[in-house]
1. Based on what the data block shows, is TYR169 among the aromatic types (Phe, Trp, Tyr), at pLDDT 95 or above and within 17 Å of ASN115 (Cα to Cα)?
2. What number goes with the only condition from (1) closer than 22 Å to VAL67 by Cβ; (2) open to solvent by 40 Å² or more (accessible area, probe 1.4 Å); (3) more than 13 Å from the chain's Cα centre (by Cα); (4) of a type in the set (S, T, N, Q) that THR122 does not pass?
3. Are any residues in the range 50-75 open to solvent by 70 Å² or more (accessible area, probe 1.4 Å) and either at pLDDT 95 or above or assigned to a strand (DSSP E or B) (or both), and if so, which ones?
4. Identify all residues within the range 159-195 that are surrounded by fewer than 16 Cβ atoms within 10 Å (Cβ to Cβ) and more than 28 Å from ALA74 (Cα to Cα); write none if there are none.
5. Please work out which residue is surrounded by the most Cβ atoms within 10 Å (Cβ to Cβ), limiting yourself to the range 76-93 and to residues that are hydrophobic (A, V, I, L, M, F, W, C) and over 17 Å from GLY120 (Cα atoms).
6. Restricting attention to the range 199-211, and to residues there that are among the hydrophobic types (A, V, I, L, M, F, W, C) and part of a strand (DSSP E or B), which single residue is farthest from TRP123 (Cα to Cα)?
7. Within the bounds of the range 135-157, is there any residue that is closer than 24 Å to PHE49 by Cα and either open to solvent by less than 50 Å² (accessible area, probe 1.4 Å) or under 16 Å from the mean Cα position of the chain (by Cα) (or both)?
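The values are calculated or read from the model by the stated rules, or taken from the named source; none is laboratory data. Everything numeric here is computed off the predicted structure, so don't read it as measured data. Ideal geometry is used to build each Cβ from the backbone, glycine not excepted, and the neighbour counts take in all protein chains shown. These accessible areas exclude ligands, DNA and RNA; they are computed on the full protein's heavy atoms, side chains included. Shrake-Rupley method; radii C 1.70, N 1.55, O 1.52, S 1.80 Å.
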Amino acid sequence: ANTNAAIANNGFTQVSVASDNSGLSGLFSNNNTLNALLGDLYATDFESFTLGDINGQMGWFASVADVWNVSDAAPFEGAQHLRGTYSGSGVFTFALTPNFTAGAEDVSTMTARVNLQGTGVTWEIAPQDPAAGLVVTRLAFNGDGTVSVLDGAVGDFVPLSGVSVPSGYFDVRISVDRNTSELLVFFNNDPVYTGTSFGTIIENVAFLSSQ
């Protein structure tokens, strides 16, 4: 994968975009140019990690040994990726990224490329606001094939009616506005949920599994 190399070698510059600047308008300036990369960045393609348990590697934490592993089995691109497996033990497990600084911008965003296989296990992506001691949300891919989002205004998971999990690899993006707590979730750049977050700044991300 070329993610880290592209960031290091090319950086990010202002580019023209076609946008009506609606919604989360802090992402764009008034002349339809994309602002400089928002906040401090954490990004990894796992290429520089060692195959095996991710716990303790480059600031990552895993709650159970040999469940969240750096693997060379079927990555989207490059040679390696993070692979979570479920052992059938009934144990709730998670992997946690290093903390990163979100900066002072209005919008925090996390992205991940995901490939879900099998049934009967719930997998979650949970961006977190550690300074506030809160999750921002929890995006749950449930074992029965449904999808739900933990909403701060509702105080519970909200089922996403009519939303199915894309097959193969797909892109997940979660954004939150620190001023309004507006929460947006996208699959492959298509909006699938708008709601309210708990925390309002993303400074680490947890990946979870349970039966």
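1. yes
2. Of everything listed in (1) closer than 22 Å to VAL67 by Cβ; (2) open to solvent by 40 Å² or more (accessible area, probe 1.4 Å); (3) more than 13 Å from the chain's Cα centre (by Cα); (4) of a type in the set (S, T, N, Q), THR122 misses just condition (2).
3. Hits for the range 50-75 are THR50, LEU51, ASN55, MET58, PHE61, ASP72.
4. Of everything in the range 159-195, those that are surrounded by fewer than 16 Cβ atoms within 10 Å (Cβ to Cβ) and more than 28 Å from ALA74 (Cα to Cα) turn out to be PRO159, SER161, GLY162, ASN179, THR180, THR194.
5. LEU82
6. Across the range 199-211, the extreme among qualifying residues is VAL205.
7. No: the range 135-157 contains no residue that is closer than 24 Å to PHE49 by Cα and either open to solvent by less than 50 Å² (accessible area, probe 1.4 Å) or under 16 Å from the mean Cα position of the chain (by Cα) (or both).
Rundown of residues vs (1) without any contact (Cβ under 8 Å) to a residue 24 or more places away in the chain; (2) in a loop (DSSP other than H, G, I, E, B); (3) not charged (D, E, K, R), yes/no style:
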{"residue": "GLY78", "(1), (2), (3)": "no, yes, yes"}
{"residue": "LEU82", "(1), (2), (3)": "no, no, yes"}
{"residue": "GLY88", "(1), (2), (3)": "no, yes, yes"}
{"residue": "GLY103", "(1), (2), (3)": "no, yes, yes"}
{"residue": "MET110", "(1), (2), (3)": "no, no, yes"}
{"residue": "ARG113", "(1), (2), (3)": "no, no, no"}
